[in-house]
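Notes to accompany the following structure.
The values are calculated or read from the model by the stated rules, or taken from the named source; none is laboratory data. Remember, it's a predicted structure, so these values are computed and weren't measured experimentally. As a convention, Cβ positions derive from the backbone with ideal geometry for all residues, glycine included, and neighbour counts pool all protein chains shown.
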Amino acid sequence: MSVIGKAGLKTFADLYRTNSRMNAIINMKRFTFYIWVGAVWLLLWIFNSFVNDTESFVPQSLNEIWRFFYIVVVNFIFFEYSLPFIRRKRSSILFNILIGILLITLQLILVSVGSYGWRCLGIQLHIYTSLRQVTIIPDERYYYIMEEVFYQAQGGISSVFFFGLAKLLYDNFKLKQTTQQLRLEKQEAELNYLKSQTNPHFLFNTLNNIYALARDKSDLTPESILRLSKILRFMLYETSGGFISIEQELEIINDYIALEKLRYDDSLHIHFKHDVEDIKQPLPPLLLIPLVENAFKHGVSETRSQPFVDIQLSIKQQLLKFIVKNSIENIHGEKKVKENIGLSNLRRQLELLYTDYHLSVQQDVTVFTAILEINLTSHV
């Protein structure tokens, strides 16, 4: 036996084993898709029969229903098994070409000669009605059979193109759907990572504040620890979900401000004003706290005279505007704004969470201003 002959037998043996392993149990979800496509194809042929020949509409419709079962199975096998087998990577592209020619030829035989055989079976079972009344001359029987085969092939070959187009559109839709799902999962993973960075960073700064009080043996240390425990409880039990209410966000901001106040004397001026239409409005947890934290850690903590923090929050018609101003040490000459990890993470979180937002920071000689605007309806 030639080398190509042996390779061909081996290839068909591989096909048998592959089909045995792949879907020994038919993928019913995929098969259901072919049934639906076949149903559309069937309706189109029934409609065509109704338009062209109303007198034989009923028997013609029954014939098409009988052919429907065969067409669905044949196309399901071709597109789900034969084509994937043709596209398999092999050592030589010649084998792919040969296998492709053989399996495509087999498919054409199935949708023509096979369809004729299915028709004959239907006639024997008294399911299929022969509507073409032709007197068969023994010497011309071969030509009659070939004529019937070509007649059946019209519908069979058209079904291959119809099912192929439907499968192409469906697979493209599923691919886009899967890509979108993977993109969302990737964004969620990145968002969780950013939160995992922000929360410890926030706690680290808070612990530093308490450490400063403890080092000075301040009587305010127990109160600061109590407020920290409240913040910890909130972060452990309230921030695991995707949203909290504005009311909860305001509460954690107030707790953080109260904790910071313990470190300073009356020279620190803090003003927090909020005008919110709906305090139950959902918001991603701890979204605003980085700007408040930044005002204290990189602003008033480094200001020697007249430190202040001015915070304004307004939410009207689901448009959020959050302005945080804080004092900074007198800067001589221009200085480029350097964003710390809190602001950088906040920007990335906003990119992942909203499509309509704006975050800007401005640095004057003695004042640092952060302005955050979000269209809350633009949540991804």
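Kindly indicate whether LEU83 is more than 36 Å from the chain's Cα centre (by Cα) and assigned to a helix (DSSP H, G or I).
no
Six or more apart or on different chains, Cβ under 7 Å: which pairs go from a residue in the range 359-374 that's modelled with pLDDT of 90 or more to one that's aromatic (Phe, Trp, Tyr)? Could you list them?
Note: pairs meeting the criteria are LEU372/PHE322; GLU373/TYR357; ILE374/TYR354; ILE374/TYR357.
Exactly one of these conditions fails for GLU249: (1) modelled with pLDDT under 80; (2) closer than 18 Å to ILE311 by Cα. Give me its number.
(1)
Is it the case that PHE161 is at pLDDT below 85, farther than 21 Å from ARG348 by Cβ and part of a helix (DSSP H, G or I)?
no
Going through LEU184, LEU169, LEU108, LEU131 one at a time, which residue ends up being farther than 16 Å from VAL74 by Cβ, modelled with pLDDT under 90 and assigned to a helix (DSSP H, G or I)?
Result of the check over LEU184, LEU169, LEU108, LEU131: LEU184.
Could you check ARG304 against (1) modelled with pLDDT under 90; (2) part of a strand (DSSP E or B) and say which number it fails?
With respect to (1) modelled with pLDDT under 90; (2) part of a strand (DSSP E or B), ARG304 is out only on (2).
For the subset of the range 242-299 comprising residues that are assigned to a loop (DSSP other than H, G, I, E, B) and free of Cβ contacts under 8 Å to residues at least 24 places away in the same chain, which member is farthest from TYR211 (Cα to Cα)?
That would be ASP266.
LEU313: closer than 20 Å to SER245 by Cα, touching a Leu at 6+ places or on another chain (Cβ under 7 Å) and outside any loop (DSSP other than H, G, I, E, B), yes or no?
no
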